[in-house]
Structure formats: structure tokens, C-alpha cells
Amino acid sequence: MTTRIYDAIVVGTGAGGGTAMKILCEAGLQVCAINSGPRTDPTEDYRQHRQVYDLKFRGYGNPRRLEGKAHQEPYSVEESEYSEGRDLFEHDVAYSNAPGTDWYWKRCKATGGKANFWGRSSARFGDIDFKAADLDGFGENWPVDYAEISRWFSKAERYMGVASTIQNRPSNPDGEYLPPMPWRCIDYIIQKGAEKIGVPYLPDRCAQLTVDHNNHPACHYCGNCSRGCDVGSFFSPTWFTIPEAEATKNLTLLSNALVRGVITDESGLARGVAYIDRGTRQEVEVYAKVVVLAASCVETAHIMLNSKSRHWPTGIANSSGQLGRNLCDHLYGSPGYGYLPKLLGQPATPDNIADSTVAWMPRWQNLKNPHEEKFIRGYSVYMGGGCGEFPGYYGQIEGFGSQFKRDIKRYYPTGIGALIQAPSLPSPANYVDIDPDKKDIFGIPQLRFHFQWGQNELLMWEHSKRVMTDLFKAMGGAMWGMDDEPNRPGTSLHETGVCRFGNDSKTSVTNKWAQTHDVPNLYICDASIFPSPTDKTTTMPIIAFTMRTCDRMLNNFKQGIHKRA
């Protein structure tokens, strides 16, 4: 490996990395993709329609599975007994939380990363996001506008396949869609109630195939999406970008290779990367003309902060001092959950068709006036419920024996709950750095988190609870309760900001093309470049911006700015 020079190295194979290596390979570049963990195999790692009673530990997992691991906290939702035998999730590499911080860093180290198990909501960002600073006076604008990026959103939607409808809303511009996901009975009831209180309730922008698309089959609605799709009916690198990159014969894919840092030459430019082979624990160097970091938001910053040299004493491409700063996240939590009495005793229906978002309440706050609420900007809400795989409301019903069982069945079609998605604002107090005292088991200095929810997002949280109280009354529902506190920071997996892009090299890490200001052959293709998370999810925009970045990079190769190996 020390003698070969590639055209490009791509670190990470998730939403951004997988897209980058596909585009670069199809353009004829020789690409080395480096992945932290093992190769994902759907026949071994996904559910394959098994039920929890088919599993040894009935879905709870082996209680001793994390013994001896450096990071022993299991990851909610994505990690399960269905895949635990293959070591897909990161428990070997620990991280630190500064005093007062409780960040929850969920990591999938297998190829495809978190995009194997994502929620698939895929709304476009708009100028209400890109130019938010102009509207409300806080922070900085993004270095792009909607007119510039819209065609890349279209390209991403056409490639992935996104199901939705035309909605004509300023908070999330319309795109190019497949037919929407079918609605459940609960959706129509919620929509009628939402109309009464002036809140939109509409089909989500969901990257799930409602019809055959680009040689991928339509969803058969087994409801197991967050455990990985058995047939590739929603966008994931495992089914889309990785096999397409490999088909070009231009890809070398290294697995179980944990990148330590970017190697630089005598002038401070990127020369390659150094990684630790997980099996041998030996350090290996790989070289290329261009390096693309797409290791996921905070891991990309981790790699860069650890890439120190005489040129970059505080981390590569960090002349601005902004590397690792401006950490943002989506505040998650349930502002209300309960049931719909009018559905009590109704026969069960297959409501768990998507295991995630069928419909949502897109941002409706501060649209006419950026200061109409006590908080600036805004949040969205996702609603779920109906006949799911498991009656999660069991703790809300008192009883015992046969009567309890009858009540469980009687309430089965009725349960509903809300999930808020509220963006935090950039703050100097929220950032990641390198822990000066701790290293992981591979000898790499650990990442340390500093983060607290800010007043603005906490005001959104309180606002959403009042809205849910009104909604339950309007739709004739009964509330069982609401979360006392929001979820832990990091729960959403939508962190942004730590390598933010901008036009000013003194206040940003990369330019508008995600090319680092200081090191022109170092690019970033994940959500770390986004200055804020907006009220929408990040995955589809990551893919769109990666397509745009790769187009720029290939033009730089054509113009001789970057030389082929």
C-alpha cells in the first residue's frame, strides 16, 4: 500500500462518502475508500423478516455482548440483536464528555454507516435556512443560495427516489417526487385536528420507494426499515452507491481501517492518510492526490484535529481556529403522546408500513415574521402511532391477566406520539476538541464533547408541548403525557457545524465547495460543513452537496489544478 498513489482517497462510506466514491469512480478516477469497520452484508446483518421470538434473547440482545468493550453503552433504535453478532456498531473507540455534557455519540462503523438505518426524511433546505441570518440577525448566512443548490437537490432526489407531494410551503421547497407513502387512519384524524389549530400536517419527504425506481424494487411495507432494508427499497449506500462504485473496477475498498489522521507533504498539502488496521493494530499509510473526508460530522473533525504537523499545529486546515467549533444538533423528544378514543376496539391494520416517518408537521413558526415567536427560526414535528410491531403503550394501562390482555388489544389501533426536531443555534460554548489525557485502545487521542442545549431550542421545546396539548384536544385525543426533558444531545444523529463552510477563511474551515481554505486538495463531504442543522434532516442534503463538491473536484482535475496519479 505504501508504493501506490491513488487519484483520490475517500474516508467513510456513508451518505457522503458512498456518493463521493461512486461519482469519482464513474468519472474514471482510481479511488481508495477507507471504512472504519466491517463490510455490511444484508443477508447476515439485516432482519430478514425474523420476529423477536425467533431470536435467542427475544430482541433484548445478549446481556454480556459489550463485556470488555471500551464503550459499553448500547445504542438505541439502530443497534439490535438482529445485527449484534457482526460488530457493526462502534464500541471499541471511547469518547469523552466534558463536565456538564451528556453527549450520546451513536456510531455505525460498518460500510454504509448510519445511512443503512436512517429515518429517510428528505426535505430540501431553502433560502429561509441559507439566509436565516439576514432574516433574524443571528449568526452567519450559508455561502450558497437556493437558486444555486436546487438543481443538486433535484439530482439527489432523482437518484435516491423520494416519495412526497407538492406542498407549496416556504419552509421546505418542493422537489421531484415519487407517489407519496399511503396514509393510515390515524393520519387523517391528526390532519383534521391540525387544521383546527392552524398547523400543517402533510406527507413527509421520504426516501422510500413507493414504485420501482432505478432498478430497485418498490417497498413491500414490512415495516422494518430502521434495521436495514432486506431488498434495497430505500436509499442506502449498501444497496446503491457502494455496488455502483465497485462495478466500475476503479474502487479499492479497505475495511476495518480506522483513520488516525491526514498525512501532509513538505508544503502542508494533503498527501494521504494514516490508518490503524483493527486486526493487526498496525499503522498503515495510503497516498493520493486528493483526500475526501466523509467520516461523519464529528469524526471528520476528530481526524482533522489529530492531523497535526509543523504546518498545522492545531490540526490540518485550522488557520481559522474554527475546526471543531460551532457544534449543533437537533433537539429530540416527545412533546406529547396518548391515544385516539374513537379508534378503541377497531380491528388491527398494518400501520407500521414505514417504521418511521409517513407524515410530518413541517415548520410553521416565524414564516411571516422572523420574530413572531419568543424563539427565532423554527422546528418540525413527526407523528407516529397506530398498530406498530409492539404495543409501547403497555405501561400506560393498569391491570393484570386476561383483562390486561384485552385492554392491550383494545388500545392497539389508537396510540399516537409526537417527536420534535428543533435545531440548536451555533454557540461558542458548544464544540469538540481532543481530550488531552485520554487515548483509545488503538492509541488515538479521544474526541471530547462540550455541549448544552441553548435557550432558543428549549423555548421551541416548551412551545411544542403547548401545541401538542392543543392538538390532542382538537382531534378528540386523550394525552397520556409528554417527556419531562428533551432527549440527550446526539440522539438525532444530525450534528453539524464543526467544519463549517463559508466565504471568509478567517471564520470558516472550507469554501462554498467544501474544499478547505488552507489545503486545496482536502475536501469534506458530510454534515460538518453545514453551519446549522435547520428544522430538516441532513442526509439528502449531504448527498446533494456531495454531488456538487465532486463536480467541482472533477473540474479541478480537468483544469490541472489537481493532478492525476
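The values are calculated or read from the model by the stated rules, or taken from the named source; none is laboratory data. In this text the structure is predicted, and so the values were computed from the model without any measurement. Quick reminder, even Gly has a Cβ in these numbers, built from the backbone with ideal geometry, and neighbours come from all protein chains shown. We work out accessible area using only protein heavy atoms, side chains counted, and drop any ligands, DNA or RNA first. Shrake-Rupley method; radii C 1.70, N 1.55, O 1.52, S 1.80 Å.
A few notes on this one:
- For Pro335, neighbours were defined as the other residues whose beta-carbon sits under 13 Å from its Cβ, and their charges (Lys and Arg +1, Asp and Glu -1) total -4.
- Region 5-46 shape via C-alpha gyration tensor axes, a/c threshold 1.5: prolate
- Highest-first arrangement of 480-489, 184-193, 226-235, where packing means the average Cβ count within 10 Å: 226-235, 184-193, 480-489
- Helix-derived mean residue ellipticity, 222 nm - over the chain, DSSP H n ≥ 4, -39500 (n - 2.57), to 500: -6500 deg cm²/dmol
- Here each label is just a point 7 Å from Cα along the line to Cβ, and for Thr3 and Lys473 those points are 7.8 nm apart.
- In terms of packing, defined here as the mean over residues of other Cβ atoms within 10 angstrom, the peptides 94-101, 140-147 line up highest first as 140-147, 94-101.
- Surface composition of the chain: carbon and sulfur make up 50 percent of the accessible area, probe 1.4 Å.
- Burial ranking of peptide ranges 360-371, 65-76 (average Cβ count within 10 Å, highest at the top): 360-371, 65-76
- Ignoring lysines fewer than eight residues from Lys131 along the same chain, the ones with Cα atoms less than 22 angstrom from its Cα are Lys368, Lys374, Lys506, Lys512, Lys536.
- Compared with the dominant Cα axis of the chain, that is its longest principal axis, helix 146-160 is turned about 80°.
- Region 144-191 and region 534-565: distance between their alpha carbon centers, rounded to Å: 22 Å
- Cα-derived Rg over Rh, computed across region 225-313 with Rh taken as Kirkwood radius: 1.05
- Karplus 3J(HN,Hα) series, Hz, for region 247-259 with 6.51 cos²θ - 1.76 cosθ + 1.60 (x for Gly, Pro): 5, 6, 6, 9, 10, 10, 10, 9, 10, 6, 10, 8, 6
- Amide hydrogen neighbours beyond the local backbone of Gly232, cut-off 5 Å, H modeled: none
- Among Pro237, Trp142, Gly198 - extreme Cα towards positive end, dipole of the chain, charges at beta-carbon: Pro237
- Förster-model FRET efficiency, 35 Å R0, Arg564 and Thr280, C-beta, rounded to 0.05: 0.65
- Computed magnitude of the charge dipole of the chain (debye, nearest 20; Cβ of K, R +1, Cβ of D, E -1): 460 debye
- Extension gain (nm, one decimal) between Phe404 and Leu66, 0.36 nm per residue minus Cα-Cα: 118.2 nm
- Pair-distance distribution of region 384-435: all C-alpha pairs, bin width 10 Å, starting at 0; shares per bin in whole percent are 19, 31, 15, 15, 15, 5.
- Coupling constants for region 161-174 follow from the phi torsions by the Karplus curve (6.51 cos²θ - 1.76 cosθ + 1.60, θ = phi - 60°), and in residue order they are x, 10, 9, 5, 9, 7, 10, 6, 10, x, 7, 8, x, 6 Hz; glycine and proline get x.
- Taking amide H as placed 1.01 Å from N in the peptide plane, the amide H of Ser96 sits under 5 Å from that of Leu447, Arg448, Phe449, each at least 5 places away or on another chain.
- Taking a quarter of the surface of the Cα convex hull of region 133-210 gives a mean projected area of 7.0 nm².
- Shape of region 1-107, Cα gyration tensor, a/c cut at 1.5: oblate
- Full extension of the chain segment joining Glu44 with Leu367 gains 111.6 nm, where the gain is 0.36 nm per residue of separation less the Cα-Cα distance.
- Based on protein heavy atoms only, the chain ends up with 39 Å² per residue of surface accessible to a 1.4 Å probe.
- Helix 15-26 axis, angle to the chain major axis (alpha carbon atoms, nearest 10°): 50 degrees
- Ratio of Rg to Rh over the chain (Cα coordinates, Kirkwood Rh, two decimals): 0.96
- Percentage of interatomic Cα-Cα distances in region 466-565 larger than 18 Å: 61 percent
- Taking the convex hull of the alpha carbon positions in region 178-294 and averaging its projected area over all directions gives 12.7 nm².
- The angle separating the long axis of helix 185-196 from the principal Cα axis of greatest extent in the chain is about 90 degrees.
- Tensor-based shape of region 263-366 (alpha-carbon gyration tensor, a/c under 1.5 rounded, otherwise prolate or oblate): prolate
- Computed 3J(HN,Hα) for region 548-565, one whole-Hz value per residue from the Karplus formula 6.51 cos²θ - 1.76 cosθ + 1.60 where θ = phi - 60°, is 5, 4, 5, 4, 5, 4, 5, 5, 5, 5, 4, 7, x, 5, 10, 9, 5, 5, glycine and proline marked x.
- Computed with the Debye formula from one identical point scatterer per Cα of region 310-450, without solvent, the log10 of I(q)/I(0) at q = 0.10, 0.15, 0.19, 0.21 Å⁻¹ comes to -0.63, -0.90, -1.09, -1.22.
- For region 418-496 versus region 1-47, the gap between their alpha-carbon centres in whole angstrom: 31 Å
- Hydrodynamic radius of region 27-162 per Kirkwood, over alpha carbon pairs, in Å: 18.9 Å
- Between amide H atoms placed 1.01 Å from N, distances below 5 Å from Gly333 occur with Ile420, Asn487, all of them 5 or more places distant or on a separate chain.
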